[in-house]
Amino acid sequence: MKRRKIILDCDPGHDDAVAIMLAGRAPELEILGITVVSGNQTIEKTSPNALNVLQYLELDIPVYAGCGQPMVRKRIHAADIHGSSGLDGPVFPELKRTVEEEHAVTFIIRSLLSSEEAVTMVTTGPMTNLAMAMRMNPGILDKIERIVLMGGSYGNGNITPAAEFNIAADAEAAYVCFNSGRPITMAGLDVTRKALCFPEIVERMGRIGNKASKLFVDLMGHFCRTQKEVFGWEGGPLHDPVPVAYLIDPDILKTKAMNVEIDIRSEQSYGRTNCDYFGYLHREATADVAVDIQVERFWDCIESGLRRYG
Ligand code: BDR
Ligand code: CA
C-alpha cells in the first residue's frame, strides 16, 4: 500500500493526543514530523505534551516546536477544557525526549521542498505554522497535496457563538491558508460534535487493555468532564482525530464543496468560517466542507488505531 505522507500540526490537547495515537501506527500514513503550535496551551506546554504522548507510545517521530504567538492578535488558550497543563489527567513517566532544534516553520518548508511527492498537511490546532511557512516561502504551495484540518463550523461556534477555537485563535493564519489556492478539507464542529465520546465508548476502548487504550481512558476522564462542565453534554466531542480518521478511511466523512471565507474583520464574528452552503454567492468553491460523519465507522477506526499498540 502506498502510504500518504503527512505532517501533523497540532496543539496537544486531549483530542490532539488521540489524533497522534491514531496516526502514529496507521499503515495508510507516513508522518514526516509533528509540528506544534500555541493553542490549547502555550507552546512551552504543548511541545512537551506532544513529546510525552510519543514517548509513552514509543513512537519515534520528530517533534518541531513552532509559533508561540498568532500572526496578528493576542494568543488565547483553552484551559477550561484542557487544564493548566493543556493535557491534564494522564500521568506520564519522566520525559527524556526533546524537541528538534529546527523551528517548525522551517521544518515544514524544508520537508515540503525536499519531498518528491506532494505532502498532506493535517492541522488540528491554530493554523499559524502553516500560514507562516506559506508566507516565508510560497514555493511550498505546489508541494501541498491538500490541507485537511479540524477547525471552523458552518453552524455554531465553541469559543464565541460564531467561531470555532482553532480558527478564532489565529483567524489571520486560517485566512492565509484558505486563500492559498490549495485543496482543503475542513472537518468542523458540524461533524466533530457528532463524534461524542459517551461513557460506553470510553469503556469499549478501555477493554482493549493496552497502553494506548489506558492513555485514551485517562485522557477522556478529564476531557469528558470539562466538556460536560462547559457545554453540558455527556460525551466530549472528539474533534481532532476526525481529519486523521478521514485520511485513513475517506468514507467516514461526507463533504460538500463550498466557498469559505474567514472573517478577520468583524468584532463579533472574528474567526467565523462563512461557508456558502447553498451557493448563494455564486463564488468558486474553496474547500470541501464535511457535512456528515459515519459515527460508528469513526469509532471502529479509533478502536483499530488503538489496537495497533499491542
Ligand atoms: C479544537 O479546539 C481545541 O480545543 C481542540 O483540541 C480542537 O482542536 C476544537 O474546537
Ligand atoms: Ca487541537
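The values are calculated or read from the model by the stated rules, or taken from the named source; none is laboratory data. Computed from a predicted structure; not experimentally measured. Virtual Cβ from ideal backbone geometry, glycine too; neighbours counted across all protein chains shown. The area values use the complete protein model at the heavy-atom level, side chains included, leaving out ligands, DNA and RNA. Shrake-Rupley method; radii C 1.70, N 1.55, O 1.52, S 1.80 Å.
Quick look at the values:
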read-out: Rg over Rh, two decimals, region 187-310 (C-alpha only, Kirkwood Rh); value: 1.05
read-out: Kirkwood hydrodynamic radius of region 65-111, from inverse mean 1/r over distinct Cα pairs, in Å; value: 13.6
read-out: Debye-sum result for region 1-156 in log10 I(q)/I(0), which assumes one identical scatterer on each alpha carbon, at q = 0.09, 0.16, 0.21 Å⁻¹; value: -0.26, -0.86, -1.44
read-out: Area of Thr42 that stays accessible when all protein chains are in place (1.4 Å probe, Å², to 10); value: 20
read-out: Residue among Pro237, Ile140, Ser180 farthest towards the positive dipole end of the chain, charges placed on Cβ; value: Ile140
read-out: Listed residue pairs exceeding 21 Å between alpha carbons, taken from Lys228/Lys256; Lys5/Lys96; Lys143/Lys194; Lys45/Lys96; Lys45/Lys74; value: Lys228/Lys256; Lys5/Lys96; Lys143/Lys194
read-out: Percent RCO, i.e. relative contact order, over region 4-307, from Cα pairs under 8 Å lying at least 6 residues apart; value: 20
read-out: Accessible surface of the chain [probe 1.4 Å, protein heavy atoms]: carbon and sulfur percent; value: 49
read-out: Cα-only Debye scattering, the chain: base-10 log of I(q)/I(0) at q = 0.07, 0.09, 0.13 Å⁻¹; value: -0.23, -0.38, -0.85
read-out: Point-charge dipole on Cβ atoms (K/R +1, D/E -1) for region 4-307, about Cα centre, debye to 20; value: 160
read-out: Residues of region 53-195: accessible area per residue with a 1.4 Å probe, Å²; value: 40
read-out: Axial C-alpha extent at least 24 Å, average Kyte-Doolittle at least -0.5 - helices from the chain (DSSP); value: 211-231
read-out: Set of aspartates and glutamates with alpha-carbon distance to Lys254 below 13 Å, sequence-local pairs under 8 removed; value: Asp190, Asp288, Asp292
